[in-house]
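The values are calculated or read from the model by the stated rules, or taken from the named source; none is laboratory data. Everything numeric here is computed off the predicted structure, so don't read it as measured data. Here the Cβ is made from the backbone with ideal geometry for all residues, glycine too, and neighbour counts use every protein chain on show. To get the accessible areas, we keep the full protein, side chains included, count just its heavy atoms, and leave off ligands, DNA and RNA. Shrake-Rupley method; radii C 1.70, N 1.55, O 1.52, S 1.80 Å.
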Amino acid sequence: MTRMSVLADCLKTLSNAEKRGKRQVLLRPSSKVVIKFLQVMQKNGYIGEFEVVDDHRSGKIVVELIGRLNKCGVISPRFDVPVKNVEQWVQDILPARGFGHIVLTTTYGIMDHDEARRKHTGGKLLGFFY
């Protein structure tokens with residue numbers, strides 16, 4: 001069976017492992033988008049360290065969980081979001097004000113909505129976590 005979205009698969013695996021109370025989780029296959037998404041989550045303190053394992057195929061990522069992640073998911077299709085509409089998407093997707101993050105892909109790279117607002121840039125929605 002083919003994978004429709006590598007990012008969706010990895011985020012669902014991460015979420016399920018967190019719900020089960022695991023300390024570590026193995027994500028495969030690896031991709032640049034998944035790694036950047038995990039870096040944003042790590043920067044905001046939702047996951048611990050992660051290590052990319054090169055197996056000369058598609059790669060694997062071992063992520064340390066710290067028990068702070070409630071839910072994470074991908075937003076499909078990747079909607080275009082101008083700067084002025086970012087706040088509306090934050091209200092629609094996240095459960096409370098100032099709680100959680102939406103991840104966007106912009107011309108400046110993959111970042112959360114706070115950083116996109118600081119850089120005054122819009123982009124396409126990738127996913128969310130809280």
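So what's the projected area for segment 66-130, the Cα convex hull averaged over all directions, in nm²? The partial results should precede the final answer.
On the way: hull surface 17.6 nm².
If I average the Cα hull's projected area over directions, I get 4.4 nm².
Here the scattering of the chain is modelled by Debye summation over its C-alpha atoms, one equal scatterer each and no solvent; at q = 0.09 Å⁻¹ the log10 of I(q)/I(0) is -0.25.
Axis of helix 32-43 versus longest Cα principal axis of the chain: the two differ by about 80°, to the nearest ten degrees.
Once the 1.4 Å probe is applied to the protein heavy atoms, segment 47-130 comes out at 58 Å² accessible per residue. Based on C-alpha pairs under 8 angstrom that are at least 6 apart in sequence, the chain has a relative contact order of 25 percent.
Would segment 1-41 count as rounded, prolate or oblate if I go by the C-alpha gyration tensor, calling it rounded below 1.5 in a/c and otherwise prolate when a/b exceeds b/c, oblate otherwise? Please list the in-between numbers first.
Values: a/c = 2.19, a/b = 1.27, b/c = 1.73.
Judged from the Cα gyration tensor, segment 1-41 comes out oblate (a/c at least 1.5, b/c at or above a/b).
Taking all protein chains as present, what is the carbon and sulfur share of the accessible area of segment 67-130, in % to the nearest whole number, probe 1.4 Å?
On the way: 1770 of 3580 Å².
Carbon-and-sulfur percentage of accessible area, whole number: 49.
Rolling a 1.4 Å probe over the heavy atoms of the protein chains gives segment 1-43 an accessible area of 65 Å² per residue. With r defined as the distance between the Cβ atoms of residue 78 and residue 23 and R0 fixed at 30 Å, what FRET efficiency is calculated, to the nearest 0.05? Taking R0 as 30 Å, the efficiency between residue 78 and residue 23 is 0.40.
For the chain, lysine pairs separated by 8 or more sequence positions, or belonging to different chains, with Cα-Cα distances below 19 Å total 19. Summarising the label geometry, the points placed 7 Å from Cα in the beta-carbon direction at residue 52 and residue 107 lie 2.5 nm from one another. Angle of helix 6-20 to the longest C-alpha principal axis of the chain, folded into 0 to 90 degrees and rounded to 10: 70°.
Estimated from helices alone, the mean residue ellipticity of the chain at 222 nm is -9500 deg cm²/dmol (sum of -39500 (n - 2.57) over DSSP H runs with n ≥ 4, per residue). Each Lys and Arg adds +1 at its Cβ and each Asp and Glu adds -1 at its Cβ; summed about the Cα centre, segment 38-86 shows a dipole of about 320 debye.
Gain on full extension, evaluated as 0.36 nm per residue between residue 92 and residue 60 minus their Cα-Cα distance, stands at 8.2 nm.
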